[in-house]
Amino acid sequence: MRPKSMPRPAAWILDRFANAADGEAIAGDIYEAYRAERSLIWLWRQVLAAVVAVTWSQVRDGKGSASYAIVVGWLLMTEFAGLGTVLAGTRPGPWFVAFWSWHSLDLYLYCAIVCLSALATGAIVSLLHGRSMLLAFAATVVVVDLWAIARYPWGNMSHPAFLLPTIAAVGLIGVPCSLVLGGTLGPQRMKRV
Amino acid sequence: MRRRDYLGSFELMVLLAMMRLGDEAYGVPIAREIEESSGSAVLVASVYAALQRLELKGLVVSRLGEPTAERGGKAKKFFAITSTGIAEVRRTQASLSKLWGGLRQLRGRRA
């Protein structure tokens with residue numbers, strides 16, 4: 001039987017996000033075990049755990065750099081999003097918390113601007129601090145998204161049927177995805193720490 | 001009494017698996033050895049996290065191997081237990097044996 005080859009997305013994620021500390025050895029071990037005998041579910045569990053473990057180890061070893069990346073990331077994101085809304089002629093406003101009084105077009109425009117801002121922020125944070133720190137920053141964005149959604153219940157919104165999927169998609173999927181995409185498309189300063 | 005860092009149960013399992021494997025211990029066989037003995041799935045990343053802690057405590061040492069094609073061009077990282085590591089395993093075995101000895105609840109049961 002021909003040995004299985006590693007799925008490209010899994011190899012890509014390991015190369016991009018688990019390439020520091022013991023990342024190379026971990027990726028090689030996952031690759032070897034998967035080719036020999038393991039299932040696809042096993043592979044993806046291992047890949048995600050490797051990314052979390054390598055990110056955590058980098059953050060633990062560089063707490064100062066992680067804090068700096070998070071602060072810089074939030075400042076950039078807020079600035080980009082604020083500037084974007086001013087340029088687009090929509091209302092400037094804080095992040096995901098003031099959507100419900102908006103018209104639907106404003107909302108979609110704002111969501112697109114926030115996602116583009118996230119793309120640029122991801123590239124800059126990745127360039128300045130490395131991809132592990134970018135993932136740490138993306139994790140804080142997810143936490144804030146969850147907090148914002150829990151803090152402002154759907155019942156308060158003028159168009160709940162319209163807003164709920166939009167906010168959920170932008171907040172929990174669009175922004176972290178844009179951040180990570182920006183980080184992978186953009187250059188990276190530190191490959192190994 | 002002198003304070004010392006106790007081995008976690010997973011760290012102890014990793015050290016025991018390494019002792020079984022000898023000089024050729026690296027992530028895949030260590031994880032397999034633990035899976036076979038415990039019957040539950042093991043994350044390769046958790047094995048490396050434990051090995052990193054053990055290396056910091058001076059209980060294991062590591063060296064990099066050569067990259068190979070079957071590993072997607074990635075190098076192996078081999079680990080070996082140090083004499084301090086073996087002494088720590090012995091100490092843990094002695095203290096656990098003392099604690100296990102004569103426990104009514106465990107009498108007459110075999111795993």
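In the range B:37-51, the residue that is farthest from A:Ala33 (Cα to Cα) out of those that are aliphatic (A, V, I, L, M) and without any contact (Cβ under 8 Å) to a residue 24 or more places away in the chain is B:Ala49.
The residue that is surrounded by the fewest Cβ atoms within 10 Å (Cβ to Cβ), counting only those in the range A:1-32 that are in a helix (DSSP H, G or I) and free of Cβ contacts under 8 Å to residues at least 12 places away in the same chain, is A:Arg8. Taking the condition at the interface with chain B (Cβ under 8 Å from one of its Cβ atoms) and over 21 Å from B:Arg32 (Cβ atoms), does A:Ala11 pass? Yes.
Inside the range B:20-55, residues that are away from chain A (no Cβ under 13 Å) and of a type in the set (Lys, Arg) make up a count of 1. Of all residues assigned to the range B:75-95, at least one qualifies as being more than 13 Å from chain A (Cβ to nearest Cβ), more than 16 Å from the chain's Cα centre (by Cα), more than 15 Å from A:Asp29 (Cβ to Cβ) and assigned to a helix (DSSP H, G or I).
Using the structure shown, decide if B:Leu51 is in contact with a Phe, Trp or Tyr (Cβ under 7 Å, 6 or more places away or on another chain) and not charged (D, E, K, R). Yes; evaluated as a whole, the condition is true for this residue.
Let me confirm something: among B:Leu54, B:Leu16, B:Leu7, which residue is touching a residue at least 40 places away in the same chain (Cβ under 8 Å) and in a loop (DSSP other than H, G, I, E, B)?
B:Leu7
When you scan the range B:27-36, do you find a residue that is assigned to a helix (DSSP H, G or I) and touching a residue at least 40 places away in the same chain (Cβ under 8 Å), even just one? Checked the range B:27-36: at least one residue is assigned to a helix (DSSP H, G or I) and touching a residue at least 40 places away in the same chain (Cβ under 8 Å).
The residues of the range A:128-141 that are surrounded by fewer than 21 Cβ atoms within 10 Å (Cβ to Cβ) and modelled with pLDDT of 85 or more, listed by number, are A:Ala139, A:Thr140. The set of residues in the range B:53-74 being surrounded by 17 or more Cβ atoms within 10 Å (Cβ to Cβ) and closer than 24 Å to A:Ala11 by Cα consists of B:Arg71, B:Gly72, B:Lys74. Would you pick out the residues in the range B:56-74 that are among the small types (Gly, Ala, Ser) and within 14 Å of chain A (Cβ to nearest Cβ)? Scanning the range B:56-74 gives B:Ser62, B:Gly65, B:Ala69, B:Gly72, B:Gly73. Just to be sure before I move on: is B:Tyr48 among the hydroxyl-bearing types (Ser, Thr, Tyr) and not in a helix (DSSP H, G or I) in the structure I sent? Spelling it out, it is not the case that B:Tyr48 is among the hydroxyl-bearing types (Ser, Thr, Tyr) and not in a helix (DSSP H, G or I).
The values are calculated or read from the model by the stated rules, or taken from the named source; none is laboratory data. This one's a predicted model, so the numbers in the text were calculated from it and none came from an experiment. Cβ coordinates were reconstructed from backbone atoms using ideal geometry, including for glycine residues, and neighbour counts include every protein chain displayed.
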